[in-house]
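Everything below concerns the one structure shown next.
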Amino acid sequence: MSNKTIKTDVLIIGASASGLMCAIQAGMRGRNVTVLDHANRAGKKILMSGGGRCNFTNMDIDAANFISHNKHFCKSALSRYTQWDFIAMVNAHRIPYHERDLGKLFCDDSAKDILNMLLQECKKAKVKIQLNCDIKDIEKHADGMYDINTSSGNFHSRSLVIASGGLSIPKMCASPLGYKVAEQFGHHIWPTSPGLVPFTLQPHDKEKLEVLSGVSVDCMVSNRRIQFKESILFTHRGLSGPAILQISSYWKPGETITINLLPDLSVIDLLTAKREKQPQLKLKTVLVDVLPRRLLAVLLGTETIEQPLQNLSRERICAIAEILHNWQIKPNATEGYRTAEVTLGGVDCDELSSKTMESRLTSGLYFIGEVVDVTGWLGGYNFQWAWSSGWCAGQAV
Ligand SMILES: Cc1cc2nc3c(=O)[nH]c(=O)nc-3n(C[C@H](O)[C@H](O)[C@H](O)COP(=O)(O)OP(=O)(O)OC[C@H]3O[C@@H](n4cnc5c(N)ncnc54)[C@H](O)[C@@H]3O)c2cc1C
């Protein structure tokens, strides 16, 4: 272990999305910036994001796409550094990208392009990045300076930025450090829980639905608070896919979710009209045009789907419609932090400046990115929050 003391204007803990953006901005303002990270590589989550293609932002960014105990907090940062600002940086680096459904922007080639862009900008801004660095303790002195004791030496800085992310995916170096530092300086932390995470199923549902592993369906998933129209995916562990990940951030243990497997058509109208015109058609022949056969067999039963339409009474059609439009399922749990994309809860926004992300309790201390109680929907919103909050702190440190 080294005993050297390194003086720096700005010390940032976390060399990933929010920390690198903050470092670039502060460095460009002429600040001497050091970023510390215990990982052996910067931006691990960027590299694994969006299936390796990084969904780096969204064309439609709005405060309504974020979950927080203070729903107004994110507005200032999101309006000061917008998706257009980040897209301009991506364009300046000639990174090829494309738009997918619901305004999501992905790299054409690789998430590496985004990380390399940030690292190149860091280099230009003369930012120092120290990897494999364990943070031992942090102290604030009466003169307002912070001392950060680490495995790479003692750092002495006026501004300390916590960009250490949430608890999701411990294998990717997630740790509770940010919450611990917040607590050390008297901050309130909203309870944390995994968000954007697949559901596991109750044993009876798991047994019934296991055979559907790999089946994906566009549907509407809802609970009492919100609804999402995207696809769901049956897996060997339970339910996943965009609509499930979205609702998981609004789910409380024990709650039932509702899945409308055919949100764009009326099963009653379809079956009644077909029964009139072609009564001998089998139910499966009609429904297989709109839903996978395997799913129909599991939900309606093989005997039912073999029935000719003429055998189906009005009541039976209504019962079939109810199953397909209003399927109620009570997840057992979520898969937890092991696979969650984000962490809900975190550092209470009411104790931070929405303009600079600086603590209202301790001057010179900043919290940015996922450690803050701002969690985006699936779709590039979490990175946009990291860029925007990092940028704002970068103007102030
Ligand atoms: C599989 C997966 C896919 C995702 N895909 C997308 C996507 O496509 N689009 C999107 O918008 N969001 C996506 N996200 C979410 C997004 O990655 C995060 O919201 C974002 O990375 C948060 O940025 P951050 O800088 O706050 O934290 P992080 O990116 O988590 O970075 C925190 C950094 O701090 C370091 N650190 C942690 N603890 C310590 C410690 N004790 N000492 C030193 N360093 C420490 C970590 O090593 C890490 O480098 C995805 C997440 C996952 C897990």
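The values are calculated or read from the model by the stated rules, or taken from the named source; none is laboratory data. These figures come from a predicted structure and were not determined experimentally. Positions of Cβ are generated from backbone atoms using ideal geometry, with glycine treated the same way; all protein chains shown enter the neighbour counts.
The table below gives the values:
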read-out	value
Residues of segment 358-371 satisfying the condition of being under 19 Å from Ile138 (Cα atoms) and in contact (Cβ under 8 Å) with a residue 24 or more places away in the chain	Glu358, Ser359, Leu361, Thr362, Ser363, Gly364, Leu365, Tyr366, Phe367, Ile368, Val371
Qualifying residue in segment 10-18 (condition: at pLDDT 95 or above, within 11 Å of the ligand (Cβ to nearest atom), of a type in the set (A, V, I, L, M, F, W, C) and over 29 Å from Leu365 (Cβ atoms))	no
Among (1) out of contact with any strand residue (DSSP E or B) (no Cβ under 8 Å at 6 or more places or on another chain); (2) assigned to a helix (DSSP H, G or I), the one test that Phe383 misses	(1)
Residue in segment 361-378 that is surrounded by fewer than 16 Cβ atoms within 10 Å (Cβ to Cβ), more than 16 Å from the ligand (Cβ to nearest atom), within 23 Å of Thr192 (Cβ to Cβ) and not basic (Lys, Arg) present	yes
Lone qualifier among Leu105, Leu119, Leu115, Leu131 - being aliphatic (A, V, I, L, M) and touching a Phe, Trp or Tyr at 6+ places or on another chain (Cβ under 6 Å)	Leu105
Segment 41-65: number of residues that are assigned to a loop (DSSP other than H, G, I, E, B), touching a residue at least 40 places away in the same chain (Cβ under 8 Å), more than 9 Å from the ligand (Cβ to nearest atom) and not aliphatic (A, V, I, L, M)	1
Boolean, Gly345 is surrounded by 15 or more Cβ atoms within 10 Å (Cβ to Cβ), assigned to a helix (DSSP H, G or I) and under 21 Å from the mean Cα position of the chain (by Cα)	no
Index of the failed condition, Val211 passing every other in (1) buried (at least 18 other Cβ atoms within 10 Å of the Cβ); (2) in contact (Cβ under 8 Å) with a residue 60 or more places away in the chain	(1)
Segments classed as strands (runs of 3 or more DSSP E), wholly inside segment 227-284, with at least 2 members that are of a type in the set (Gly, Ala, Ser)	238-240
Arg31 being in contact with a strand residue (DSSP E or B) (Cβ under 8 Å, 6 or more places away or on another chain) and assigned to a loop (DSSP other than H, G, I, E, B)	yes
Close pairs (8 angstrom Cβ cut-off, 6 or more residues apart or separate chains): charged (D, E, K, R) in segment 149-165, not in a strand (DSSP E or B) anywhere	Arg158/Gly144; Arg158/Met145; Arg158/Gly364
Residue count for segment 261-289, restricted to those that are without any contact (Cβ under 8 Å) to a residue 40 or more places away in the chain, within 28 Å of Ala243 (Cβ to Cβ) and in contact with a helix residue (DSSP H, G or I) (Cβ under 8 Å, 6 or more places away or on another chain)	7
So Thr356, is it on the phi < 0 side of the Ramachandran plot, part of a loop (DSSP other than H, G, I, E, B) and either at pLDDT 95 or above or touching a helix residue (DSSP H, G or I) at 6+ places or on another chain (Cβ under 8 Å) (or both)	yes
Meets criteria (closer than 24 Å to Val298 by Cα, buried (at least 17 other Cβ atoms within 10 Å of the Cβ) and aliphatic (A, V, I, L, M)) for Val217	yes
Segment 179-215 - residue that is charged (D, E, K, R) and farther than 23 Å from Ile247 by Cβ and, of those, nearest to the ligand (Cβ to nearest atom)	Lys180
Hey, Ala125 small (Gly, Ala, Ser), within 16 Å of Ser18 (Cα to Cα) and surrounded by fewer than 20 Cβ atoms within 10 Å (Cβ to Cβ) or not	yes
Extreme residue, nearest to the ligand (Cβ to nearest atom), among residues of segment 28-40 that are crowded, with 23+ Cβ neighbours inside 10 Å and of a type in the set (A, V, I, L, M, F, W, C)	Leu36
